[in-house]
Amino acid sequence: TTSIFFIKINNVGNINCLLSHQSNHRYFRLPMDILGLKPWLLRQCETIGLKAPTPVQQATVSKILKGANGVGIAKTGSGKTAAFALPILDALSEDPYGVFALVLTPTRELAYQIGDTFKILGKPLNVKVSIIVGGRDMVMQGSELSTSPHILIATPGRLADHLQSITSSKLLKKIRFLVIDEADRLLEGGFDEQLSQIFTAIPSERQTLLFTATHTEALKDLIEVNSDKQPFFYREGEDDASSLTVNTLEQYYVLTPADFRDAYLVG
């Protein structure tokens, strides 16, 4: 299992108690300003219709703003992406340089979704987001990386390919945040070689955040020893498959001829 950061725990029982308490905790609809975000970001949240933080945002955003490492486990559709995007953009506004944050995710589709969230929330900053995934021209991506985007969102395989270049490898030397989205899937073992290469290229002094919908043994392996700062560990819901999405998320099957599939997806 690839280790990303280590968490010092003196009493494992305390963590188990914390997880149980977190999963049963009641949250009330509170205004966005309880998160401690800067006024410009609160105004942008209001502009796009974010009126109240979700439970995962209430539990994690303020801790990330204070510099904590941590793990957030919550259902699909619960607001996990904004939970890390908001504090990253808040910090970026104080010192806007590139590459400021690296977000790793297992699929192209997720990378584009995360990119859209950063672009929408970070519009007042004119945030530059680069998405480095397979299926696109390597040369064009290399040119895009040379512009030092603020936020780099990538799949491990394609980013590892770019790190073969000396120029690209230097871009990650000053990142402040490493986010691993869908961490359970990235830490299953299929990306170990690429992740090892990426972790070698980034600074050890950084904030590391793991977000996922499921709690797995790979995540437990990260909770070991030696962290200068007390990390957070937030868990919402249960591990069974029926709880992987929020109950307000509607999902459908659409039966269509194969020749028309793309048209239906775009529509």
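Structure values in brief
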read-out	value
Matching residues in region 43-61 - criterion: being under 22 Å from Phe177 (Cα atoms) and among the hydrophobic types (A, V, I, L, M, F, W, C)	Cys45, Val56, Ala59, Val61
Boolean, Gly142 is over 23 Å from Leu65 (Cα atoms) and either polar (S, T, N, Q) or out of contact with any Ser or Thr (no Cβ under 9 Å at 6 or more places or on another chain) (or both)	no
Qualifying residue in region 89-99 (condition: under 14 Å from the mean Cα position of the chain (by Cα), assigned to a helix (DSSP H, G or I) and touching a residue at least 40 places away in the same chain (Cβ under 8 Å))	yes
Gly49 vs. criteria closer than 18 Å to Ile151 by Cα and not in a helix (DSSP H, G or I)	no
Any chance Asp95 is among the acidic types (Asp, Glu) and closer than 17 Å to Ala201 by Cβ	no
Region 183-211, residues that are acidic (Asp, Glu) and more than 11 Å from Pro156 (Cα to Cα)	Asp184, Glu188, Glu205
Selection within region 189-205 - in contact (Cβ under 8 Å) with a residue 24 or more places away in the chain, over 14 Å from Thr105 (Cβ atoms) and part of a loop (DSSP other than H, G, I, E, B)	Gly189, Ile202, Pro203
Index of the failed condition, Ile131 passing every other in (1) under 21 Å from Ala82 (Cβ atoms); (2) free of Cβ contacts under 8 Å to residues at least 12 places away in the same chain; (3) aliphatic (A, V, I, L, M)	(2)
When residues of region 118-176 are limited to those that are hydroxyl-bearing (Ser, Thr, Tyr) and surrounded by fewer than 19 Cβ atoms within 10 Å (Cβ to Cβ), the one nearest to the chain's Cα centre (by Cα)	Ser148
Members of region 128-150 that are closer than 17 Å to Ala201 by Cβ and outside any helix (DSSP H, G or I)	Ser130, Ile132, Ser146, Ser148, Pro149
Matching residues, region 62-84, being surrounded by fewer than 23 Cβ atoms within 10 Å (Cβ to Cβ), more than 14 Å from Glu182 (Cβ to Cβ) and among the β-branched types (Val, Ile, Thr)	none
Boolean, Thr155 is among the β-branched types (Val, Ile, Thr) and within 19 Å of Ala111 (Cα to Cα)	yes
Enumeration of residues in region 43-88 that are over 19 Å from Val103 (Cβ atoms), among the aliphatic types (A, V, I, L, M) and touching a residue at least 24 places away in the same chain (Cβ under 8 Å)	Ile48, Leu50, Ala59
Which listed residue is modelled with pLDDT under 85, surrounded by fewer than 12 Cβ atoms within 10 Å (Cβ to Cβ) and outside any loop (DSSP other than H, G, I, E, B), from Asn10, Asn16	Asn16
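The values are calculated or read from the model by the stated rules, or taken from the named source; none is laboratory data. Note that the structure is predicted; figures quoted are calculated from it, not measured. Don't worry about glycine lacking a Cβ; one is built from the backbone with ideal geometry, like all the others, and counts go over all protein chains shown.
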